[in-house]
1. Only four residue types carry charge here, +1 at the Cβ of Lys and Arg and -1 at the Cβ of Asp and Glu. Report the dipole size of the chain about the Cα centre in Debye, rounded to the nearest 20.
2. Test of the criteria: in the range 1-70, which trypsin sites (Lys or Arg not before Pro) are in a DSSP loop and have at most 14 other Cβ atoms within 10 angstrom of their Cβ?
3. Mind checking the dipole of the range 185-293: about its Cα centre, +1 per Lys or Arg Cβ, -1 per Asp or Glu Cβ, Debye to the nearest 20?
4. Just how far, in whole angstrom, is the range 251-302 from the range 129-203 if you go by their alpha carbon centroids?
5. Quick check: net charge around residue 175, other residues with Cβ under 11 Å of its Cβ, Lys/Arg +1 and Asp/Glu -1?
6. Below 8 Å, C-alpha to C-alpha, sequence gap of six or more: please give me the relative contact order for the chain in percent.
7. Got a number for carbon plus sulfur as a percent of the chain's accessible area, 1.4 Å probe?
8. Looking at the chain, what % of its DSSP beta bridges pair antiparallel, to the nearest 5?
Amino acid sequence: MRPRHILIAGQGATATVFATHLQRAGVQPVLLRRPGSPPHAHALHRLRRRHAPESVTVHLPSVTHLKELPRRPDQFWLCLPSQALLDGWLGEQLQALGNATQVVSWTPDVRDRTRLRQYYAGPILQGMVTFSAFRTPQPFTDLPAGTAWYLPATGAVVQRCPAGRDLARLLRAGGLPALTSRDLPWLAARVNALLTPSAAALEHCDWSLQALRRSAQLGLAARGADEALRISAHYLDHGVGRPLPRGLLLHALTRLLPVFSPMPLAPFLAQHFRKLAPQTRLMLDSWIELGHRHAQPCQALQ
Ligand SMILES: NC(=O)c1ccc[n+]([C@@H]2O[C@H](COP(=O)([O-])OP(=O)(O)OC[C@H]3O[C@@H](n4cnc5c(N)ncnc54)[C@H](OP(=O)(O)O)[C@@H]3O)[C@@H](O)[C@H]2O)c1
């Protein structure tokens, strides 16, 4: 069934991009701000390679509590960092939902589903964001206040099931290419196992891709990724499958990605992972704690 009312927790970069495309698909999204957080500007700047950004103004209503809504939402999307799932505020909102609303979690930590289950017994669908977005202004771009974003071939991947197929169809109807995956939790676990230790290594190198290439941190990130993959596989009761790219490939990626990026890549990554530093640490801590609990190697992650 096509949802009409979608409540989106968060009013940051991903929430704004998703909400705009839901509006274009004819849905009425409402953003859920955390208390004390004033409403943000909602200009959306789409970055394009070799073309000037395309900017539009969007009007996105927002509330700070579920009870401000005239009716229970059909879906509740979580466009938040993973550590927000530990907050009493979000737990309270989830408990107020009842159990009939479809919760869609776009958060990346491998333990997020278990965390959500503490508060919510209804249907939970997992998704993975594959576009890049950041709040503006930023020192590395002259775009005015709002959200800048770049869409590669796909904007989102969701779990393949009837609800996931409907959701991907809805996003596509709103102009955001979306796919489904038969094994989304494992796909997301692989991507996050690769990305998160690399982000930590980049932080160690003061956000310089060149310094990272020359540093021992790159090899450490590759070993950390392998550990994170094995720990996630154990946690999700899944085979480890193909190994992740080794240090040499990571080295090549630090050269190639800046060439194809529509924004200055290193400054983008610096603002992105500084903003999400508590989430990166939570994810590393999750793997380390699970590694200790199940006697699996986690020295590189540590
Ligand atoms: N941006 C991307 O390119 C991208 C790509 C892939 C995946 N993701 C994932 O998407 C998620 C959200 O990222 P984002 O880029 O949208 O972040 P963002 O722009 O920083 O927005 C995060 C939103 O969550 C709210 N928030 C932060 N901490 C919270 C807490 N403890 N409790 C309640 N609300 C909290 C923020 O509130 P305030 O408004 O008060 O600050 C903000 O509205 C992250 O898990 C990230 O890894 C992002």
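1. The dipole magnitude comes to about 660 debye.
2. Details: sites: 4, 24, 33, 46, 48, 49, 50, 67; in loops: 4, 33, 49, 50.
Loop-located and lightly packed - 4, 49, 50.
3. On the way: 12 positive and 7 negative charges, 56 e Å.
Magnitude of the dipole: close to 260 debye.
4. Computed from Cα coordinates, the inter-centre distance equals 16 Å.
5. Details: positive: 24, 46, 172; negative: none.
It works out to a net charge of +3.
6. Numbers: 535 pairs, mean separation 48.9, N = 302.
Reported as a whole number, the value is 16 percent.
7. Numbers: 7820 of 14150 Å².
Taking all protein chains in place, the chain shows 55 percent carbon and sulfur surface.
8. Values: 14 of 40 bridges.
Here the share of antiparallel DSSP bridges comes out near 35 percent.
The values are calculated or read from the model by the stated rules, or taken from the named source; none is laboratory data. These numbers come from a predicted model, not from an experiment. Every residue, glycine among them, receives a Cβ derived from its backbone with ideal geometry; neighbour counts consider all protein chains shown. All accessible areas refer to the heavy atoms of the entire protein, side chains included, with ligands and DNA or RNA removed. Shrake-Rupley method; radii C 1.70, N 1.55, O 1.52, S 1.80 Å.
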